[in-house]
There are 2 protein chains.
Amino acid sequence: MAKQTPTLEHVAKLAGVSQMTASRALNGRPGVSRETRDEVLRIASDIGYVVNRTAQKLSGGRNGIIGIITPTLDTQFSSELILGAGRAARGAGCEMLVYTVFDEDRHTHHDLLGLIQQFSDGILAILPRESLCLEALATAKVPVVVVDQRGTLTGFPSVSVDNYGGACLAVEHLAQLGHKRIAFLAGDETIEGVRDRQRGYRDTLARLGLPREDSLVAAGDLSQMMAFDVTFDLLDLAEPPTAIFTANDQSAFGVIAAIREAGLRVPDDISVIGFDDIPMSEQFHPALTTIRQPFQQMARSAVNTLLAQIAGIGAASQRITLPAELVVRDSTGPVRTKQRRRARHQIVST
Amino acid sequence: MAKQTPTLEHVAKLAGVSQMTASRALNGRPGVSRETRDEVLRIASDIGYVVNRTAQKLSGGRNGIIGIITPTLDTQFSSELILGAGRAARGAGCEMLVYTVFDEDRHTHHDLLGLIQQFSDGILAILPRESLCLEALATAKVPVVVVDQRGTLTGFPSVSVDNYGGACLAVEHLAQLGHKRIAFLAGDETIEGVRDRQRGYRDTLARLGLPREDSLVAAGDLSQMMAFDVTFDLLDLAEPPTAIFTANDQSAFGVIAAIREAGLRVPDDISVIGFDDIPMSEQFHPALTTIRQPFQQMARSAVNTLLAQIAGIGAASQRITLPAELVVRDSTGPVRTKQRRRARHQIVST
DNA sequence: GTGAAAGCGCTAACAT
DNA sequence: ATGTTAGCGCTTTCAC
């Protein structure tokens, strides 16, 4: 039947050296002559040897695997990050294993952490919200790097985008187009980054001397559906906004759908700007003006930070914040001066 | 500092039994008295013991982990499947690790396979296209179950949706609405399931005696952008279709955007039906009529099949095909009898 | 029902 | 530059 999976022992025997020498050769460690090394490598390749990373890890060494913890795979957001991390890991000669965290059960988190650190040299946690997971992570025995959450309260090195600054960019863009009544569609309050965006919105409004009414802030949950629903509240205002800034792109899609549903047009009647720049946003119709998160760069940066931690170099509490970027597309435009918005409702109120 | 991670040895010592007894108790194996078992369990829980699955696997046993191989995370399609698989695995007391395959390099696949099978008891391969990966998988030493590809050529047990039947449903739905000129936006030809959908389209057209012109079949690649572009070819036809069936939902979004761009409306001027029913489809505007793949059920079914294989029960070449379901929403409607489509072009041709 | 011994594949630590 | 020994944490086998 299928031959036994080749082990280090086989390689060593065939090469006529000790396992240790073979190991050193395969791992590119010093202490092996060039000839020996080449020979070992050749043989390993010949017989299709693949190191058993399970054994590697068990024997106390590194195994070149980084583990990713993510709450869910179903947002383009995390997909983008994971994709980027995978690429970066490969680039650094590492493999990557993804572990999805489902529920908020403390016990589960403890187990999962145990599991993932048995398998990997370090953990990349894509944890936008302050999850219980963080508590579990605190007891980790391998390095941890948190993505998308400033490590302020976690104490872990972190990589995130400048959510605050990005929000400022968004509002400034709208203001430049002449918009005065700018609404914000808030997202999940438990997400640090989202709160930062809201702060950016509020502060910029203040700085620019624009109206800051509570009614101009709608409560969403980052989902398209919810965004769709609450948009009507904004539209129904006595003095509706001429522009809406949403906490994420997904919400923006819902907002645009709702605006259309109300018989208005984007950006002619109302401008919409999102946050994230997920792939869908460019393809959406109208193409979405948004604030771009540099996913690739964030991922690469996170992987590098983690690798540094694993190697024992790198500050323990490094916080990296990457700049966000305004991407102007078709969903924002100059404010309409003529006030002939929402004919339907004007009839009602007449 | 942080206490040593508790091991089986610690548990055994504290319980005053041998490691073997502790192991049996923890794994629910027979040969342990109820009292002993309870005591061991209690202690393990107390000291926060988590089994080292790495050691477990190395020592030749199972470790209760199933590995998922997927080409990419960036489609809602695979996300849905993985999500479902995760749930199913948890339900069965297993953990799940995801491994993303990037490139089509044979060597990589060999390594990755070696890696993933070191970590898991079995592999779930989400492999819509005939990837080189399959070749590597053929030498796997753990059970493999393929999702979304009938195992005809792989020899692995498989779980997939009835793509052919689903396509028939789609065309029949359109035909019932009075559509005669029904176009198909094809997808990636290397994907078996997509080819099946096209067959279903063709055969149903034939069966219903509807026109089957080559020009009514546009070549896409499952992406929204590509769909957007090629839709104009369809629209520019001397006698354009009144309905378009797309190989997947993502494409349908592009088609709808293009139709709008051309100044036409969905479904008033042209009906559009997709395939997949990803979450976005319900939220899209207009809500997309589509053929639903039962992702949850597929995932559950696949996990169960894999578990059966791992347990040594279950036919080696089991092929499960789940029925697809028509979901009627707002993107399809009765055919327009008046021929006043595409005013723009009619002017040109006049 | 329980335990002791051996070993999975690898690498650190200490030889030589 | 290379080899030897020990052991990672667990489960198998075989004993009692």
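The values are calculated or read from the model by the stated rules, or taken from the named source; none is laboratory data. Note that the coordinates shown come from a computational prediction; the quantities given were computed from them, not determined experimentally. So basically every Cβ, Gly included, is an ideal-geometry build from the backbone, and we count neighbours across all protein chains shown.
Worth a mention:
- Meets criteria (more than 14 Å from chain B (Cβ to nearest Cβ), more than 8 Å from DNA strand D (Cβ to nearest atom) and closer than 23 Å to residue B:142 by Cβ) for residue A:39: no
- For residue A:299: the one exception among (1) in contact (Cβ under 8 Å) with a residue 40 or more places away in the chain; (2) outside any helix (DSSP H, G or I); (3) among the aliphatic types (A, V, I, L, M); (4) closer than 16 Å to residue A:157 by Cα: (2)
Okay, residues lined up against (1) at pLDDT below 95; (2) over 25 Å from the mean Cα position of the chain (by Cα); (3) small (Gly, Ala, Ser):
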| position | (1), (2), (3) |
| --- | --- |
| A:193 | yes, no, yes |
| A:223 | yes, no, yes |
| A:255 | no, no, no |
| A:283 | yes, no, no |
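- Residues in segment B:142-177 that are acidic (Asp, Glu) and out of contact with any Gly (no Cβ under 7 Å at 6 or more places or on another chain): B:162, B:172.
- Within segment A:50-66, tally of residues that are touching a strand residue (DSSP E or B) at 6+ places or on another chain (Cβ under 8 Å) and either of a type in the set (Val, Ile, Thr) or surrounded by fewer than 19 Cβ atoms within 10 Å (Cβ to Cβ) (or both): 2
- Scanning segment A:115-125 for residues that are within 12 Å of chain B (Cβ to nearest Cβ) and aliphatic (A, V, I, L, M) yields a count of 2.
- Output for segment A:234-250, where each listed residue is modelled with pLDDT of 95 or more and under 20 Å from residue A:173 (Cβ atoms): A:234, A:240, A:241, A:242, A:243, A:244, A:245, A:246, A:247, A:248, A:249
- Residue match in segment B:242-249 (condition: within 14 Å of chain A (Cβ to nearest Cβ), touching a helix residue (DSSP H, G or I) at 6+ places or on another chain (Cβ under 9 Å) and in a helix (DSSP H, G or I)): yes
- A single member of A:69, A:47 is under 27 Å from residue B:71 (Cα atoms), touching a strand residue (DSSP E or B) at 6+ places or on another chain (Cβ under 9 Å), hydrophobic (A, V, I, L, M, F, W, C) and away from DNA strand D (no atom under 13 Å from the Cβ), and it is A:69.
- Meets criteria (modelled with pLDDT of 95 or more and within 14 Å of another protein chain (Cβ to nearest Cβ)) for residue B:328: no
- Selection within segment B:17-42 - near DNA strand C (Cβ under 7 Å from one of its atoms) and small (Gly, Ala, Ser): B:18, B:31, B:33
- Filtering B:319, B:300 for residues that are buried (at least 18 other Cβ atoms within 10 Å of the Cβ), away from chain A (no Cβ under 14 Å) and charged (D, E, K, R) leaves a single hit, B:300.
- Only one of B:305, B:321, B:231, B:290 that is within 24 Å of the chain's Cα centre (by Cα), part of a helix (DSSP H, G or I) and either within 26 Å of residue B:82 (Cβ to Cβ) or at pLDDT 95 or above (or both): B:305
- The listed residue being more than 30 Å from residue A:302 (Cα to Cα) and within 12 Å of DNA strand C (Cβ to nearest atom), out of A:11, A:51: A:11
So that you can scan it fast, the table gives a plain yes or no per residue for (1) of a type in the set (D, E, K, R); (2) touching a residue at least 24 places away in the same chain (Cβ under 8 Å); (3) surrounded by fewer than 24 Cβ atoms within 10 Å (Cβ to Cβ):
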| residue | (1), (2), (3) |
| --- | --- |
| B:245 | no, yes, no |
| B:268 | yes, yes, yes |
| B:280 | no, yes, yes |
| B:284 | no, yes, yes |
| B:306 | no, yes, no |
| B:314 | no, yes, yes |
| B:328 | no, yes, yes |
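- None of B:238, B:252 is of a type outside the set (S, T, N, Q), part of a loop (DSSP other than H, G, I, E, B) and either under 13 Å from residue B:332 (Cβ atoms) or more than 14 Å from chain A (Cβ to nearest Cβ) (or both) except B:238.
- Members of segment B:45-96 found to be among the acidic types (Asp, Glu), facing another protein chain (nearest Cβ under 10 Å) and not in a loop (DSSP other than H, G, I, E, B), listed by number: B:80, B:95
- Some residue of segment A:79-100 being at pLDDT below 85, more than 16 Å from DNA strand C (Cβ to nearest atom) and surrounded by fewer than 20 Cβ atoms within 10 Å (Cβ to Cβ): no
- Scanning segment B:255-287 for residues that are in a helix (DSSP H, G or I), in contact with a strand residue (DSSP E or B) (Cβ under 8 Å, 6 or more places away or on another chain) and of a type in the set (A, V, I, L, M, F, W, C) yields a total of 3.
- Members of segment A:36-73 found to be touching a residue at least 60 places away in the same chain (Cβ under 8 Å) and in contact with a Cys (Cβ under 6 Å, 6 or more places away or on another chain), listed by number: A:66
Condition check ((1) within 13 Å of chain B (Cβ to nearest Cβ); (2) in contact with a Leu (Cβ under 6 Å, 6 or more places away or on another chain); (3) small (Gly, Ala, Ser)) across all residues:
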position	(1), (2), (3)
A:200	no, no, yes
A:210	no, no, no
A:218	no, yes, yes
A:266	yes, no, no
A:272	no, no, no
A:278	yes, no, no
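- Scanning segment A:97-114 for residues that are within 27 Å of residue B:75 (Cα to Cα) and within 7 Å of chain B (Cβ to nearest Cβ) gives A:97, A:98, A:99, A:100, A:102.
Results for (1) crowded, with 24+ Cβ neighbours inside 10 Å; (2) touching an Asp or Glu at 6+ places or on another chain (Cβ under 7 Å); (3) part of a loop (DSSP other than H, G, I, E, B); (4) not β-branched (Val, Ile, Thr), shown as yes or no for each residue.
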{"position": "A:124", "(1), (2), (3), (4)": "yes, no, no, yes"}
{"position": "A:135", "(1), (2), (3), (4)": "no, no, no, yes"}
{"position": "A:139", "(1), (2), (3), (4)": "no, no, yes, no"}
{"position": "A:173", "(1), (2), (3), (4)": "no, no, no, yes"}
{"position": "A:180", "(1), (2), (3), (4)": "no, no, yes, yes"}
{"position": "A:184", "(1), (2), (3), (4)": "yes, no, no, yes"}
{"position": "A:188", "(1), (2), (3), (4)": "no, yes, yes, yes"}
{"position": "A:194", "(1), (2), (3), (4)": "no, yes, no, no"}
{"position": "A:197", "(1), (2), (3), (4)": "yes, no, no, yes"}
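- Restricting attention to segment B:206-228 and to residues that are small (Gly, Ala, Ser) and part of a helix (DSSP H, G or I), the residue that is surrounded by the most Cβ atoms within 10 Å (Cβ to Cβ) turns out to be B:227.
- Residue count for segment A:11-34, restricted to those that are away from every other protein chain (no Cβ under 14 Å), surrounded by 12 or more Cβ atoms within 10 Å (Cβ to Cβ) and more than 11 Å from DNA strand D (Cβ to nearest atom): 2
- Boolean, residue A:149 is part of a loop (DSSP other than H, G, I, E, B) and crowded, with 22+ Cβ neighbours inside 10 Å: yes
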